[in-house]
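What follows is a single structure, written as structure tokens, with notes after it.
Each value in this text was obtained by applying a stated rule to the coordinates, not by laboratory testing. Being a predicted model, the structure only gives us computed values, none of them experimental. Every residue, glycine among them, receives a Cβ derived from its backbone with ideal geometry; neighbour counts consider all protein chains shown.
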Amino acid sequence: VSDPRWFVGVDVGGTFTDVVLANADGDFHVDKVPTTPADPREGVIEGVRHVLSRASVAPADVSRVVHGTTLATNVILEQTGSPPAFVVTEGFADLLRLGREARVEDDRYDLFFTTPTPPVDPQLTFEVPERVMADGSVLRALSAEAIAEVADRVAAAATPAVAICLLNAYANSEHERAIARALRDALPDAFVVASTEVWPEMREYERAMTTVLCAYVGPVMAGYLAGLEQQLAELGIGGPLEIMDSSGGVMSASLAARRPVRTLESGGAAGVTAAGLVGRLIGARDVISFDMGGTTAKVGIVRDGRPGVISDFQVGGKGSFGGTRAGTGFPVKITTVDLAEVGAGGGSVAWLDADGALRVGPRSAGAAPGPACYGRGGTEPTVTDADLLLGYLEPGGLAGGVELSTDAARAALARGVADPLGIAVIEAARAVHDIVNANMAAAIRVVTVQRGIDPRGLTLVAFGGAGPMHAVRLAEMFGISSVAVPLAAGVASAVGLVGADLHVDVVQTRVIDLADADPLELEAAFTELADQARAELADEPGTAFQITRSADVRYRGQAYHLTLPVPDPPLTADDVVALATSFRQRFEDTYRIALDLPTQIHNLRVHIVRVVDKFAPRARKLTLDGPSAARVGERGVVFPGTGTGTDTVVTTLYDRTRLVPGDRFAGPAVIAAPESTIVVPPHTRAEVDAYGTVLLSLYDPSSDASPGIVAPDS
Amino acid sequence: MTSTPPIVDDVITAEVIRGALLVAAEEASIVVVRAAHSTFIQEGADACAAILDADAQLVALSTATSLMHAASLRCSLPALIEDVPLATMRPGDVFAMNDPYRGGIHANDILVFRPVFAHGRVRFFGGTLIHVADVGGVSAGGLAALATDTFAEGLMLPPVHLFREGEPVREVLRIIEGNSRTPDKAVGDVHALVAGVNVIGRRLDELIERYGAAALTRFTDEWLDGSERRMRDELRLLPEGTYHGSFTIEGDGFVPGRRFVVHAAVTVRDGTIDIDFAGTSPQSGGAINASFSQTMSGVIYAVRCLVDPGIPMNEGCFRAVRMQLPPGTLVNPTPPAACGGRVITVTAAIEAVLSALAQARPDHRVAPSALIHVYSLAGTGDDGRPWVSLFYDFGGIGGRHGVDGPDATGCYFLGGRSVIPQIEPLEAQYPFVVRRSRLVPDSGGAGQWRGGLGTEIVVEMLADAELTVRGDRIELPPPGVDGGGAGAAGVYAIERVDGSTEVLATKQVGVHLAPGDRFVMRTSGGGGLGPPEARARDAVLADVASGRVTRARAVRDYGLEE
């Protein structure tokens, strides 16, 4: 009896919409259709229709559709939403307009800098006579007349959405809730959101910005999702639509419509989630997620099976540290995968700076004109051109539907790099390859070493169109000896979508000195938060949840905290003491200084997971026949860093689609696969595990590949 | 061994080392800011980290922090090396200093250095610098607006060991503690500085192990030379000649109506820029003097605004810039002149240099900006312990050729983060309630390119407190340029609980506030550039719609029809 429950994952990327159809038995089918930027739903429906028909699965047998979307990010960056009404405490109408800009790096010398304009309109901003104090007490009560008056004024403005943010509401949300109630009554069709519903944390600027962006995107997101649900229903799909959030979990479409800012890193989160799934299959709890596409490389981390997350995200942020520099974009207080993104992909352009130094990226030739070797009119040398000349891609082979031209690649690299530097073309190719690796190494450093995480001993999970081509050399730079390339590496993010559970993160600011914290009071506050999180995840009673609790702790007087785990209920006085002790230890580990100061809780956090039916890869029997059936030829390939310079090395070519579990062989090898080629340098062993994952183990690394930054060639 | 020409390896290695050095400086600045206790730092406004070499040359500077300190670490390190010769330094040593006459800034800006060794020799230094919490002086929190000498500004630290071969020198920490009204915070901040240099030390150790000290030094030497070359190439693009600029400072808070002038003669010739401050007023008896390192930071910043911003900020940039800083003047005072209010003089020097250079590059013309308006509040908490903190808001930036000035933003010079503090964290820590915080309509100087708006904050005390204020460009608000109007003047005032109002001087200390008293601070607007009548009508209408300009003023200043 076939299981009727199929899951569909749809990840909308810049160029392609990736679709995965999978079930809990490990069966899966993949598809790729062009993204339709004007209305991404067209591509989504097209892809879903396609994959269902190719797999001969009836739409009625689809029990979940999980969607990764960049809609919220696009609406904010392209400013295609409409400003919401903004309701704020009297005296603070300019809260979001008061400059909180930051300039970093070269921008600091720009006399003509401009600051981003927040999506609020002063004529749509309404002050309310009320005032709550930092301790939650009420300095100025909110009158019924004031509520009625603001409701009238907001109604007259006739905006599609309303954002409410009152000062100190994190400490007492009564006033916010009263206004939200009145506005919802008065404006049943409007999208109304209060700051404490979204993220009740201290610091009004970030909280208000998060709320306003929610209201800015909300109507667009709600319309988009309602339309998509309807189109899926028309296809005959009865299962619910769910959306990947920014931290690697899934939420219902209705919650995503109410809290659209939670989807800002939807796409990136899907990739890190996929890496986590791979880690689970290969028995690695801690992995580095490395996704290299055409324009960017995204690096994330999975710790103890969960994506590493941050809570200070910048939409449109600038700077070379993953765009997370405070003040360079719009801050959004949501839990987001800790992602370092660099402009390093297959399409990244190589160029010479004013010093004559060779640089690669961040500009990308993209899909059009694309790398020079695509022969679509691109003349600038790119990473893909270099990879082709080094032998990693098949000359004349197909990529993105075009034939790869070695001549065009050689001409571009000669003109752009080799001739001006006076070096051979193959050396130029090698330099481009190495520099893009160095750029990506900086991203790995951000999410590992800069966070105090030693990358050695972790597994690098490589995917995306170009990731598996660069992975082993990157691993080498950090002393990482294990690389995993999942099946369907080219669409791994979509696989991540169908493998995720539902979850939600909630926070509440509670400033409490640990020295006199009452465990009962803390327990009550945590219980209240957990109840709120449960309500967001499911209406039906009897659902099982996994709850993890944590607290932001700091020395009294500091502005930055460390987040520490809090034990399951009931909390005891010993737990409170242990929290202070482990904070002191973590602080000393992190900053290498020991301080004897009072400690303080600042925020309480609850992470709650609802485990659902999802894709579970199936293990297949290992064979011992050897990989000869997959061997398809030989080619000369250049392997920098292995002592052979730019000489070509005779390298065995494998066809990944013919590899079976149990196959193992040693490098040098190149494994060609649809949309994602794997490079297996010398001193590397490849092995196909029961799930079809290609596991690469680095052995006998060159003597100077110590865990520094980059092993130079020797 | 390599089988390829060395050039390729050098290109790659250069890119990698360059990145690693910048990341190390950056990481140190992040660690310092995160570990700091001083509210001023927590917003990242006033911090800096750098890598320097054994010749005290600046190698790499943190890239997201204030540019205010671009020169300070490199100016101070020679003094440390003079007192503690390189040969006597040991691994694990960490030093602190703050003497404004030896490269420092003022008492609260403490500089910390850690030597990095290879083969028993000092090769590099990690340096960090922040405005630490209270270290004594006449005014709590380091805002000695009316100090008359350095002794009134707080503890003076010659180069001293903070750590000797990894062991803390407790006597020194106790001296800092003993001189601070908030010893926990002051020592916490000093530890944050140490954490920062330790990060640089570890990263440099890794790089030295990886590449060897000789190769690393060769690379940094070339890197510095490259910056110098690029600076000179860029300077050659400017028309040669001598250009003059000056800026008038409204006063030092002592003699009403006494103005000070910063004058700069800027000579561009053959890839070098020479900036002579002859003609600048003698040093002040008050606190507005800028120690030489601060003036240098301002000058290098102003020059860099006219060249390729991508030139790495290191010693090479300084080599192409000559500065004549006449001793005994505002821009290079002699001891024991107070220096805490130096931002007033440094920014005047920047305006003077920018105004001179605009004659060479008219498309880089900018109108003067408002300054940071600072105040401090101090009192005694319910627990009997003193509390004190520095607060600030920003005024408007001047109009720029082709674009309006941003509202409520730190002047260019602060670079990095320049943010208006948030209200909730302040109210959670201090006994006051903020009644209003807003942009002030009509405060931007009228012009073809309008000046940015200033702000207004109203702080109502819930407990007794002592107030100190230090502002500038209030009596003489940022002037307009080329026919533009001046920005609106800011104000410091108190609305007493009895209904009376007192306007304060722009520099005043020890003003008592009782519960219910309201402190009102308005920051000045930026100056306008170009005649207002030349302003595009759409821009005027947009200003009215956004509330930046009232309709009445749009009619009056811009001739908008009623």
Estimated FRET transfer efficiency when R0 is 25 angstrom, pair B:THR334-A:ASP596 (beta carbons, to 0.05): 0.05
Dipole magnitude of the protein assembly as shown about its Cα centre (Cβ charges: Lys, Arg +1; Asp, Glu -1), debye to nearest 20: 1140
A:ARG184 versus A:GLN79: modelled label distance in nm, points set 7 Å from Cα along the beta carbon direction: 3.3
Gained length - B:LEU462 relative to B:VAL261, 0.36 nm times residue gap less alpha-carbon distance: 68.3 nm
Distance-filtered residues of region A:224-244 - backbone nitrogen under 12 Å, label point 7 angstrom along A:ALA38 Cα→Cβ: none
Lysine pairs in chain A with Cα atoms under 29 Å, if 8 or more residues apart or on separate chains: 8
Sites B:ARG556 and B:GLU502 - FRET efficiency at Förster radius 51 Å, r taken between beta-carbons, to 0.05: 0.95
Ranked B:ARG218, B:ARG230, B:ARG74, criterion: other C-beta atoms within 10 Å, fewest first: B:ARG218, B:ARG230, B:ARG74
Which of B:HIS69, A:HIS29, A:HIS433 has the fewest Cβ neighbours within 10 Å, and the rest in rising order: A:HIS29, A:HIS433, B:HIS69
Given charges at beta-carbon only (K, R positive; D, E negative), |dipole| of region A:497-649 in Debye: 920
Net charge, A:ILE547 excluded, C-beta distance under 14 Å - Lys, Arg +1, Asp, Glu -1: -2
Relative contact order (percent, whole number), chain B, Cα cutoff 8 Å, 6+ residue spacing: 13
For A:SER493, net neighbour charge (Lys/Arg +1, Asp/Glu -1) across residues whose Cβ lies under 9 Å away: -3
Calculated FRET efficiency for the pair B:ASP205/A:GLU174, C-beta based, R₀ 60 Å, to 0.05: 0.60
Shielding by other protein chains, B:364-370, mean Cβ within 10 Å: 1
The protein assembly as shown: antiparallel DSSP beta bridges as a percent of all, rounded to 5: 80
Shielding of A:581-590 by partner chains, average beta-carbon count, 10 Å: 1
Chain A: antiparallel DSSP beta bridges as a percent of all, rounded to 5: 70
Added length on full extension, which subtracts the Cα-Cα distance from 0.36 nm per residue, A:ARG618 to A:ALA354: 89.7 nm
Inter-centroid distance (Cα atoms) of region B:47-67 relative to region B:220-279, Å: 21
Proximal charge balance of B:ALA60 [Cβ under 12 Å; K/R count +1, D/E count -1]: -1
Separation in nanometres of the label points that stand 7 Å from Cα toward Cβ, at B:LEU237 and A:ALA414: 3.2
Estimated distance in nm for a label pair at A:ALA424 and B:VAL403, the labels positioned 7 Å out from Cα along Cα-to-Cβ: 4.7
Whole-number percent relative contact order across chain A, with pairs defined as alpha carbons under 8 Å at least 6 apart: 12
Percentage relative contact order, region B:272-335, counting C-alpha pairs under 8 Å, at least six apart: 63
Amide proton proximity set for B:VAL440, modelled H, under 5 Å, gap of 5+: B:GLY454, B:THR455, B:GLU456
Amide H within-cut-off set for B:ARG269, under 5 Å, with H built and near neighbours excluded: B:ASP274
Per-residue mean of C-beta atoms belonging to partner chains within 10 Å, peptide A:429-441: 3
Residue order, fewest to most beta carbons within 10 Å, for A:SER82, A:SER364: A:SER82, A:SER364
Rounded Å value of the spacing that divides the Cα centres of region A:210-224 and region A:250-318: 21
Extension gain (nm, one decimal) between A:ARG664 and A:ARG456, 0.36 nm per residue minus Cα-Cα: 72.5 nm
³J(HN,Hα), Karplus 6.51/-1.76/1.60, whole Hz, each residue of region B:368-384, x for Gly, Pro: x, 10, 6, 9, 4, 9, 10, 8, 10, 10, 9, x, 10, x, 4, 7, x
Amide H contacts under 5 Å for B:GLY483, placed H, 5+ residues apart: B:GLY530
Chain B - charge dipole about Cα centre, Lys and Arg +1 at Cβ, Asp and Glu -1, debye rounded to 20: 460
Partner aspartates and glutamates for B:LYS185 [C-alpha distance under 13 Å; skip if fewer than 8 residues away on the same chain]: A:ASP596, B:ASP134, B:GLU177
Helix-derived mean residue ellipticity, 222 nm - over chain B, DSSP H n ≥ 4, -39500 (n - 2.57), to 500: -9500 deg cm²/dmol
Phi-based couplings in Hz for region A:200-205 (Karplus 6.51, -1.76, 1.60; Gly and Pro marked x): x, 10, 4, 4, 5, 5
Alpha-carbon centroid distance for the pair region A:337-389 / region A:33-54, whole angstrom: 28
